[in-house]
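FYI, it's all coordinate maths here, none of it is from the lab. Values in this document were obtained by computation on a predicted structure and should not be read as measured data. Note that we place each Cβ from the backbone using ideal geometry, even for glycine, and neighbour counts take in every protein chain shown.
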Amino acid sequence: MSGNCGASGCMGTGVTGAVNTNGDKELKRMQSGMVYNIQRMSIQDGPGMRTTVFLKGCPLHCLWCSNPESQSFLPQLLLFENLCGNCGKCAEACPHGAVTTDGEHWNRDLALCRNCGACAEVCPAKARVMSGKAMTVEEVMKVVSKDELFYANSGGGVTFGGGEPTGAGDFLIELLEACRTEGYHTCVDTCGHCAPGQFRKVLGLAELFLFDCKHMDPEQHRRLTGQDNSVILANLREVLRSGVPVRIRVPLMPGLNDSEENIAAVAAMLHEFGKHDVDVLPCHAFGRNKYMALGRELPAARAYEPEDLKEALDRFARHDLKVAIV
Ligand code: SF4
Ligand code: SF4
């Protein structure tokens with residue numbers, strides 16, 4: 001695997017020049033990458049009716065992440081114990097002796113499991129499912145093209161999310177190029193943690209960004225996500241300067257990033273660029289079953305009480321930011 005995204009891990013396979021039957025060198029789309037979901041008919045990821053392609057892998061590990069299966073760049077087994085019908089087929093299928101039983105439940109030994117997916121293939125109850133599938137650009141475009149009439153009629157298009165889509169390196173670049181060739185509107189939903197050179201390539205192809213702003217303080221950002229925000233803020237400023245449309249999105253977490261000080265800092269930066277609107281995503285408690293299915297501890301984040309949320313939203317208004325809840 002290669003790719004040149006630097007700050008983010010990459011799953012792309014490298015652009016390759018191929019020789020056709022006439023002996024001419026032509027550039028073929030050779031990238032493949034790890035996709036964990038393709039959601040059709042989405043209305044929340046940009047204008048109009050959209051298809052959202054979720055690319056697996058993220059350089060951040062936010063404390064409140066509601067899609068923990070999106071963080072690893074590799075395929076992963078999820079085990080939903082409540083769906084298990086106790087047939088034992090998974091134990092027969094596992095080549096690594098990783099399926100264990102206490103006589104009542106069929107579990108997996110995380111130390112032995114290689115996430116190969118053999119058990120998921122035979123599980124009749126869908127209690128075992130794999131997250132992440134390697135797909136080529138052509139395979140993704142085949143799915144995306146099914147709804148092109150809806151894009152045209154609704155002013156919609158294709159959104160790339162994750163995980164962190166820029167982490168897919170040149171796989172994302174080729175997907176964006178393919179969409180632009182087909183005339184589909186392109187949107188990238190990003191945390192912004194991407195090497196600037198790679199980010200500039202994305203900037204040249206995306207027609208809209210949904211750009212997360214999690215915390216303005218570098219140390220707080222590191223504490224909440226595992227990385228500081230220096231690259232992120234540099235990329236955000238680049239988007240804001242570029243004139244490419246961007247919606248700033250603040251995932252709002254009670255007691256973690258909703259202080260007066262942080263919201264004032266978000267406002268000050270956006271006002272520099274004449275921006276006075278922001279999308280806010282208040283913390284919710286989704287994703288807990290996925291943490292359990294991955295054998296991980298539950299996230300520390302808690303949902304808002306209504307009065308606390310109102311107070312937090314008032315802070316945006318005090319700093320001249322118009323909020324849309326998404
Ligand atoms: S994913 Fe593979 S290694 Fe893991 S429990 Fe299933 S069959 Fe065994
Ligand atoms: S194959 Fe599925 S339903 Fe059967 S025991 Fe294993 S997890 Fe349960």
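Overview of values
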read-out	value
Tensor-based shape of the range 77-130 (alpha-carbon gyration tensor, a/c under 1.5 rounded, otherwise prolate or oblate)	rounded
Candidates A152, A268, A300: whichever shows maximal mean-square fluctuation once the chain is modelled as a Gaussian network with Cα springs under 10 Å	A300
Pairwise label distance in nanometres, F286 with D102, each label 7 Å out on the Cα-Cβ vector	3.1
Listed pairs K56/K290; K56/K89; K133/K214; K126/K146; K275/K322; K290/K310 exceeding 21 Å between Cα atoms	K56/K89; K133/K214; K126/K146; K290/K310
Rg/Rg_globular for the chain, with Rg_globular taken as 2.2 N^0.38 Å and Rg from C-alpha atoms	1.07
Exposure rule at most 10 other beta-carbon atoms within 10 Å, DSSP loop GluC sites (Glu not before Pro): the chain longest free segment	105-296
Choice from T166, T225, T181 showing the highest fluctuation, given a GNM over the chain with Cα pairs closer than 10 Å	T181
Residue of K133, K146, K290 that the Gaussian network model of the chain assigns the largest fluctuation, springs spanning Cα pairs under 10 Å	K146
Approximate spin-label separation N86-A265, in nm, with each point projected 7 Å along Cα-to-Cβ	5.3
Percent RCO, i.e. relative contact order, over the chain, from Cα pairs under 8 Å lying at least 6 residues apart	19
Global geometry of the range 265-326, whether rounded, prolate or oblate, following the gyration tensor of its Cα atoms and the 1.5 cut on a/c	prolate
Cα-based Rg / Dmax (Å) for the range 112-194	16.1, 50
DSSP bridge pairs, the chain: antiparallel proportion in percent, nearest 5	45
Excluding exposed DSSP-loop chymotrypsin sites (Phe, Trp or Tyr not before Pro) (at most 14 other C-beta within 10 Å), longest clean stretch of the chain	1-272
